[in-house]
1. Students often get this wrong, so check it: of K75/K123; K58/K96; K57/K96; K57/K123; K20/K130; K20/K123, which have C-alpha atoms separated by over 26 Å?
2. For E203, E125, what's the fewest-to-most ordering of other Cβ within 10 Å of each Cβ?
3. Looking at the chain, what % of its DSSP beta bridges pair antiparallel, to the nearest 5?
4. Extension gain R223-A160, at 0.36 nm per residue separation less the Cα-Cα distance, in nm?
5. All other residues with a Cβ under 15 Å from the Cβ of I204 taken together, and with Lys, Arg as +1 and Asp, Glu as -1, what is their net charge?
6. Comparing Y212, Y67, Y25, which has the greatest mean-square fluctuation in the GNM of the chain with Cα pairs linked when under 10 Å apart?
7. Dipole of the stretch 165-217 (Lys/Arg Cβ +1, Asp/Glu Cβ -1, origin at the Cα centre): which of G194, I204, C216 lies farthest to the positive side?
8. Given the -39500 (n - 2.57) contribution per DSSP H run of 4+ residues, what per-residue ellipticity at 222 nm results for the chain, rounded to the nearest 500 deg cm²/dmol?
Amino acid sequence: MPRLYVDSPLAVGQELILPKESAHYLLNVLRLRLGAMVTLFNGEGGEYIANLVAITKKAARLQVNDYNPIDRESKLHTSLVQAISRPEHMDHTIQKAVELGVQRIVPVITERSAPLAQARISKREQHWRKIIISACEQSGRNRLPILSDVQTLSAWLNKAQQGLCLVLSPNGKNTLPNAITNLNGSKNLTVFIGAEGGLSEAEIEQTRQAGYLDVCLGPRILRTETAAVTVLALCQGLVGDFQY
């Protein structure tokens, strides 16, 4: 059954007309017909079952028939602090992080971040939000992860850091399984990943001073988008909700 995010209140018995883009997706991409079932969610938890009850060339009307309070969020509350990388790598990282259950994404400007003009930040943030919504639609999540504003490394580290904070470094002194033991029953985890070229030694020292543990995943250097996916998957396997 197709899943669709709707940025509006939802209730059983309600009828709603879909935005043009969503209607185009259902009618012209999926080619749904009258009576087709669609799952809707609005990011507030749970999901709704609706029927397609009216179609025009450019519009679709749905009738909401049922509500399911199902929650697919991980018990591990993970924040990904991601140094801004090249657009295609950043997109990949955000998409996979959402699929892996991350609950907050913080885009950070570091020494080796891909250039991002101030005038384009708002457009990039809107683009990333669309990726987050699409990944939630695909993965079954009914709550949207928080997308924080783009900020500098110093601005982020000046904020109170909560839970266990890890930074990936090829020269890290800790292994991930050992570092995870420092959760001490907490379920709040923050993971900091550098951009292409990683974080500079000065930046890694900044994170250490802010309370981050430096972690090395192994003998090989991973690309930024590989590193993020790897560490999030490992954390879900060690203390999250992955079953294996």
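1. Values: K75/K123 32 Å; K58/K96 32 Å; K57/K96 34 Å; K57/K123 30 Å; K20/K130 15 Å; K20/K123 20 Å.
Violating the 26 Å limit, Cα to Cα: K75/K123; K58/K96; K57/K96; K57/K123.
2. E125, E203
3. Of those bridges, close to 35 percent are antiparallel.
4. On the way: separation 63, 0.36 × 63 = 22.68 nm, distance 2.84 nm.
This chain segment gains 19.8 nm when fully extended.
5. Cβ neighbours under 15 Å give a net charge of -2.
6. With Cα springs under 10 Å in the chain, the top fluctuation among Y212, Y67, Y25 is at Y25.
7. Towards the positive end, the residue furthest out is C216.
8. -8500 deg cm²/dmol
Every number here is computed from the coordinates shown, using simple stated rules; none is lab data. Every value quoted in this text rests on a predicted model; they were computed, and no experiment measured them. Neighbour counts run over all protein chains shown; Cβ positions are idealised from the backbone, glycine included.
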